[in-house]
């Protein structure tokens, strides 16, 4: 749904959005319900035109952050800015934003075009402007041919497109998406992710805050990702960088699968940007972004970055015991015991594998592995 102004409001959401710009800033924002703090002071900047995915387990505070931007919950502390305007005390309909939730929230008695026009009608927009905006929004989401249908005559994916069109019709600078695809089946969800990516290419100045439980959606869509845990910002950064160089164990394991192996520093043979560590009896090289001086650390390697055959002369090698093999169509998942730690390997065309219990070597490039602090030794 969108945050709409009552009919006759002088300062419409669209006018407000043009005035304040589209960046979003949290400045020490905390939220409490009945005295219980559910989101601790959050400081976070979302650049204009950026897609930021907010991810984290249930109860981590990601939806609370979204609702604070929308104006549906009031911060206990801190300020929220959209562009250069402090919107903390503004009602939702003056913030120049729109929101889409997982249950579509379409009016069943209204046709598609009427649903899309709802926010504009609530703002008291002229009929001719409303007609143009509705046509443009439906064309943007590929639903022009369904304008006369009722929601019950549409599929789940089509209904969600209509919900997005309704949000776009008010011309927001900031679009808030709260689990918008979670009610769809896997195939439709993948198609909708592609549609959302295409939509943002069409509207590059639209800032999007996207709350999702699906890490693959976040990796596909987001320019940056913010990971929430227990009401606190755990990690934040560009999507590829956060995936390849997670700053801590929680971020590494929450954002896709990760192999985490205990390691100890061994500076002998280290090069610029890399550090040499020992994993069991093996000495390997990995990208190091953690402060020097720590002895205990963790080696992080994604399953798809491990290979059964060495590629190149500077490759790292670990030896483990094959425990299990899972064939999943295009991919084969191997489970090994390496230095008393379960390690997963994902390959597309595995060679003939030895029987379970046999020793195997796995290989990886130093640039595909990273070191993160060992919280247990912090």
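The values are calculated or read from the model by the stated rules, or taken from the named source; none is laboratory data. No experiment lies behind these values; they were computed from the predicted model shown. When we count neighbours, we look across all protein chains shown, and the Cβ atoms used for this are built from the backbone with ideal geometry, even at glycine.
Could you say whether any residue in the range 141-150 is in a helix (DSSP H, G or I), in contact with a helix residue (DSSP H, G or I) (Cβ under 8 Å, 6 or more places away or on another chain) and either within 16 Å of residue 105 (Cα to Cα) or not assigned by TED's automatic domain parsing to the domain that holds residue 23 (or both)?
Start the filter on the range 141-150 by keeping residues that are in a helix (DSSP H, G or I), which leaves 144-146.
Subset that is in contact with a helix residue (DSSP H, G or I) (Cβ under 8 Å, 6 or more places away or on another chain): 144, 146.
Then keep just the ones that are either within 16 Å of residue 105 (Cα to Cα) or not assigned by TED's automatic domain parsing to the domain that holds residue 23 (or both); that gives none.
No, because not a single residue in the range 141-150 is in a helix (DSSP H, G or I), in contact with a helix residue (DSSP H, G or I) (Cβ under 8 Å, 6 or more places away or on another chain) and either within 16 Å of residue 105 (Cα to Cα) or not assigned by TED's automatic domain parsing to the domain that holds residue 23 (or both).
In the range 346-366, which residue that is modelled with pLDDT under 90 and surrounded by 14 or more Cβ atoms within 10 Å (Cβ to Cβ) is nearest to residue 285 (Cα to Cα)?
Residue satisfying both the conditions and the ranking: 350.
Quick check on the range 163-194: of everything there that is under 18 Å from the mean Cα position of the chain (by Cα) and part of a loop (DSSP other than H, G, I, E, B), which residue is modelled with the lowest pLDDT?
183
Looking at residue 142 and the list (1) farther than 26 Å from residue 63 by Cβ; (2) modelled with pLDDT of 90 or more; (3) surrounded by fewer than 24 Cβ atoms within 10 Å (Cβ to Cβ), which single condition is not satisfied?
The single condition residue 142 does not satisfy is (2).
For the range 1-50, name all the residues that are in a strand (DSSP E or B), closer than 19 Å to residue 99 by Cα and modelled with pLDDT under 95.
2
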